[in-house]
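To keep things clear, I will list the structure first and then write my remarks on it.
The values are calculated or read from the model by the stated rules, or taken from the named source; none is laboratory data. On a predicted model such as this, the values are computed, not experimentally measured, just so you know. Here the Cβ positions follow ideal geometry from the backbone for every residue, glycine too, while neighbour counts run over all protein chains shown. Remember, those area values only see protein heavy atoms, side chains included, never the ligands or the DNA or RNA. Shrake-Rupley method; radii C 1.70, N 1.55, O 1.52, S 1.80 Å.
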Amino acid sequence: MITELLDSVENKSLKQKLPVFETGDTVDVYCRIKEGDKVRTQIFNGTVIARGGRGINATFTVRRVAGDEGVERIFPLHSPNVLDVRAIRSGKTRRAKLFFLRDRTGKAVKLSQRHSSHTVAR
Amino acid sequence: MAMLLGKKIGMTQVYDSDGKLLPVTVVQAGPCKVLQVKTNETDGYTAIQMGFSDVKKSRVKKPAEGHAKKAEATSKRFIREWRLAEGAEAPFGLGEDITVSAFSEITYVDVSGTSKGKGFAGVMKRHGFGGFPASHGCKRKHRAPGSISSHASDLGHGGNLKKGKRMGGHMGDVRVTTKNHQLIGIDEERNILVIKGAVAGAAGGYVEIRQSKTKQ
């Protein structure tokens, strides 16, 4: 009963249709960014190295190497500011968290490709 | 003005239209039965007495049963009064139900509840004293209050401490009112109020929700 009532409040903030992607996928994250009173969409591209949380707390971590510096962003999956997540390429992985990618540089960062039905072309 | 009694369900988070994640407390509020309407002539003040949550039938006391019967209701566990201005017309009559729809045009609320009991708490927890160092030769007094007064400071007055000297003692389990919570949502079907921020007490505790006195 108690969780039922809590869920009824929480569910209103959840997204009806969630984007499909897995850890290891290379994704484009479409973020809504507010600058003053202007709203624009920015795309953050990178590899999903972790998915965490459940319900409204669900998040995913995207890592990319920009220049020589690794950049990681943690997105709340249900945030209205995360407009869309499109999986571009699937990577072959055997684990849920790909934190070992942090220790890798150069070509080794790239996961070998796995063909999967949920990826979409850009 | 409006007032309701309710039960704290718990806390969660919701997104607002800007994509900001807000901490909210979910309260199951009402329907509250008006058990008595107090008037200036009969009681010396004006108020509405309302009750929330039924008492188990086998545990109903006879006097409580009789009191509730006047409003054609079952006896209630949580009964509080909504004090009205002198001589004001009561917005609800005897036996009427007050529901969350009474809050439909209200944006800010004050919430009163009973805080969680902490038992016998020391001065660091209870009053935020600094305590003593963990090391540098500090012995057996790490969380002690320190000196509580000198004998000389109270000479001729019985050698007592100053009244109100802050010391260890029972903490929590007192009535706490938090003010100006934004009302985020109302679910009339499930009798739910969604209130921004934390509300005193444990989940399952009873709370009173009133329209904010200061903020409209």
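Summary of values
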read-out: Out of A:VAL65, A:VAL48, A:VAL71, A:VAL39, sole residue that is touching an Asp or Glu at 6+ places or on another chain (Cβ under 9 Å) and without any contact (Cβ under 8 Å) to a residue 60 or more places away in the chain; value: A:VAL48
read-out: Residue within the range B:63-71 that is crowded, with 20+ Cβ neighbours inside 10 Å, modelled with pLDDT under 90 and away from every other protein chain (no Cβ under 14 Å) present; value: yes
read-out: Residue satisfying all of: in the range A:34-63; within 12 Å of chain B (Cβ to nearest Cβ) and part of a strand (DSSP E or B); nearest to A:ARG102 (Cα to Cα) among these; value: A:THR59
read-out: Top-ranked residue of the range A:71-92 - restricted to ones that are within 24 Å of A:ARG104 (Cα to Cα) and within 14 Å of chain B (Cβ to nearest Cβ), ranked as most open to solvent (accessible area, probe 1.4 Å); value: A:ILE74
read-out: Residues that are touching a residue at least 60 places away in the same chain (Cβ under 8 Å) and on the phi > 0 side of the Ramachandran plot, drawn from the range B:2-41; value: B:GLY10, B:GLY30
read-out: Tally, over the range B:178-216, of residues that are away from chain A (no Cβ under 14 Å) and in a strand (DSSP E or B); value: 11
read-out: Test: residue in the range A:95-108 that is open to solvent by 30 Å² or more (accessible area, probe 1.4 Å), over 30 Å from B:LYS20 (Cβ atoms) and either within 13 Å of another protein chain (Cβ to nearest Cβ) or assigned to a strand (DSSP E or B) (or both); value: no
read-out: Qualifying residues in the range B:22-60 (those that are in contact with a helix residue (DSSP H, G or I) (Cβ under 8 Å, 6 or more places away or on another chain) and within 14 Å of chain A (Cβ to nearest Cβ)) - the one nearest to B:GLY87 (Cα to Cα); value: B:GLY30
read-out: Condition check for A:LYS17: under 30 Å from B:GLY10 (Cα atoms), exposed (fewer than 11 other Cβ atoms within 10 Å of the Cβ) and away from chain B (no Cβ under 11 Å); value: yes
read-out: Only listed residue being within 18 Å of B:MET1 (Cα to Cα), of a type in the set (Val, Ile, Thr) and open to solvent by 40 Å² or more (accessible area, probe 1.4 Å), chosen from B:VAL37, B:VAL111; value: B:VAL37
read-out: Spans of strands (runs of 3 or more DSSP E) in the range B:61-168 with at least 2 residues among the aliphatic types (A, V, I, L, M); value: B:108-114
read-out: Restricting the range B:1-10 to residues that are more than 7 Å from every other protein chain (Cβ to nearest Cβ) and surrounded by 16 or more Cβ atoms within 10 Å (Cβ to Cβ), the residue that is nearest to B:ALA29 (Cα to Cα); value: B:GLY6
